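Report on the structure given below.
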Amino acid sequence: MEKKKAAAARSARKERKSHGAARSGDCGVNAGDFISRLPDAVIGTIISLLPTKDGGRTQILSRRWRHLWRSAPLNLEVVTGPLGPCPGHHHPSAVHHSAVSKIISQHLGPARRFCLKHLIDGDLPEMESWLDSRAIVNLQELDITNYAGYKTGYTLPQSVFRSASTLLVAKIMGCNFPDAITCSMNFYLLNQLSLDCVSIPANVFHGLLSGCHALESLAMLEVHAAGCLRVSSTTLRSIGFRKGSRRKAELVLEDTPHLERLLLPYCDRNNSVTIRVIWAPKLQIFGPFSTGACELRVFQGMSLVSSTNSICTVKVLALGCSEHQLGAVLDVLMWFPCLEKLYVTFHAHYRTFKQNEQQCDPLHPVCLQTHLKRVVFKLFKGSEQQIEFVMFFILYAKVGNRASRYAQFTFRNISGCTDDHVTKHIHDLSLPDPFRLP
């Protein structure tokens, strides 16, 4: 009996030792290395989230990790131009374009992300061969940025759209779209699309959106196209629109049944923008734009928005103005009679745009009496004019039978720009209020 017990104890010790060796493998890890105990597929996912250089360096950790980078989904971030840090343009771990051909020839796994930061003038002929390679196929994320700008004539090659059917996120900046797309543009999974400082023919833009079957957020920041930009999408929930040049621009929301937010960062005095809302029955969040400082015309259907042709679905609005523009703000409030939250940012450089606030009728903007629950004033410095501006809302706004002079006041010292914040959150649909600074 004693011999059997001793044999069983030896067998248990041997099994525990073998089990420990199997868990740690060749890695030479101790009991605290939980990452190396994960399955290869999970570690591969972690590696694919690292910058290109950092992912490749994991091969030196141990023999077990040596093959993981080659089989993990490829996260390839490329930079053209001189080597060295370039603040704001690319991650320091991005690889130079001279090393890309070697990387894709050695990498056996699928590609998850391709990011190109183009810092020099002229074409990059290698890019088309990279995108045509077997290693870079079935991409989930595509980011092509030409910092030299679309005016350099850098035209996207047709191979850019090769992974259309698998893309989840796409960003194109500083490029020209070709006059026609020969390959099929069926973006079955594309959820986020950013077009920043691009030139695109109107028919290509229409075809691009028509091929997006799951698109929820669209950023159109300085999109140069002939004529107006017409948007029809049954899936879009968020649109960000900015016109940077002094030329007129027109955005038409033809058929957007699920659109919830229309964000207009940096809609300032240099802009002449027309927005036509044909069909957007769920539009709730609008702005920011400047009252009196920019030539913004908003239409509902074929007529200008007014007190008799208002947009009743909007609940959250952001405006920029000076303390002298109370009348202009109240005129805008007539457009949105069911407003519940209002953001007003005081801009000192708008003081040349003055309104005669003595002619304001406090009972005319219906939302002041019935729906408006919260007003947030930003860049409030406590000047006499700003105090009078704020007092108007305190004295005349109320919800139900409770006058707002009994409302609570919260003062916060916050640094930040509403426009920057809004631009960053065009695609963040989990954020219920994109105008609220943290």
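The values are calculated or read from the model by the stated rules, or taken from the named source; none is laboratory data. From a predicted model like this one, the values you see are computed outputs, not experimental measurements. Using ideal geometry, Cβ is built from the backbone for each residue, glycine included, and neighbour counts are taken over all protein chains shown.
Scanning the range 135-148 for residues that are farther than 30 Å from L283 by Cβ, among the hydrophobic types (A, V, I, L, M, F, W, C) and touching a residue at least 40 places away in the same chain (Cβ under 8 Å) turns up at least one hit.
Just to be sure before I move on: is F286 surrounded by 23 or more Cβ atoms within 10 Å (Cβ to Cβ) and aromatic (F, W, Y) in the structure I sent? Yes.
Of the numbered criteria (1) within 23 Å of P125 (Cβ to Cβ); (2) aliphatic (A, V, I, L, M); (3) modelled with pLDDT of 65 or more, the one L83 fails is (3).
Note on the range 130-157: among residues that are among the polar types (S, T, N, Q), out of contact with any helix residue (DSSP H, G or I) (no Cβ under 8 Å at 6 or more places or on another chain) and not in a loop (DSSP other than H, G, I, E, B), the one that is modelled with the lowest pLDDT is T152.
For the range 185-234, which positions are at pLDDT 90 or above, within 17 Å of L253 (Cβ to Cβ) and surrounded by fewer than 17 Cβ atoms within 10 Å (Cβ to Cβ)? Answer for the range 185-234, where residues must be at pLDDT 90 or above, within 17 Å of L253 (Cβ to Cβ) and surrounded by fewer than 17 Cβ atoms within 10 Å (Cβ to Cβ): H206, S210, S232, T234. Beta carbons closer than 6 Å, at least 6 apart along the sequence or on distinct chains, never pair a first residue in the range 25-49 that is closer than 22 Å to P73 by Cβ and in a helix (DSSP H, G or I) with a second that is at pLDDT 75 or above and among the hydroxyl-bearing types (S, T, Y). Applying the set (1) touching a Cys at 6+ places or on another chain (Cβ under 7 Å); (2) at pLDDT below 90 to K102 leaves exactly one unmet item: (1). Residues in the range 293-346 that are hydroxyl-bearing (S, T, Y) and within 26 Å of the chain's Cα centre (by Cα) were compared, and the one that is nearest to K378 (Cα to Cα) is T345. The set of residues from the range 379-394 being of a type in the set (A, V, I, L, M) and within 19 Å of T418 (Cβ to Cβ) comprises L379, V390. Using the structure shown, decide if S272 is in contact with a Lys or Arg (Cβ under 8 Å, 6 or more places away or on another chain), surrounded by fewer than 17 Cβ atoms within 10 Å (Cβ to Cβ) and closer than 28 Å to L379 by Cα. Yes: the conditions hold for S272.
Close contacts from the range 251-277, counting a first residue that is within 12 Å of F289 (Cα to Cα) and aliphatic (A, V, I, L, M) and a second that is in a loop (DSSP other than H, G, I, E, B) and modelled with pLDDT of 90 or more, with Cβ to Cβ under 7 Å and a gap of 6+ residues or different chains, come to L262/L283; L263/I426; L263/P434. Inspect the range 250-264 for any residue being of a type outside the set (D, E, K, R), surrounded by 19 or more Cβ atoms within 10 Å (Cβ to Cβ), farther than 30 Å from N186 by Cα and out of contact with any Leu (no Cβ under 6 Å at 6 or more places or on another chain) and give the result as yes or no. Scanning the range 250-264, I find no residue that is of a type outside the set (D, E, K, R), surrounded by 19 or more Cβ atoms within 10 Å (Cβ to Cβ), farther than 30 Å from N186 by Cα and out of contact with any Leu (no Cβ under 6 Å at 6 or more places or on another chain), so the answer is no. The set of residues in the range 166-192 that are under 21 Å from E77 (Cα atoms) and hydroxyl-bearing (S, T, Y) contains only T166. Which residue is modelled with the lowest pLDDT, if the candidates are limited to the range 343-370 and must be surrounded by fewer than 18 Cβ atoms within 10 Å (Cβ to Cβ) and either closer than 18 Å to F409 by Cα or of a type in the set (K, R) (or both)? The residue in question is K354.
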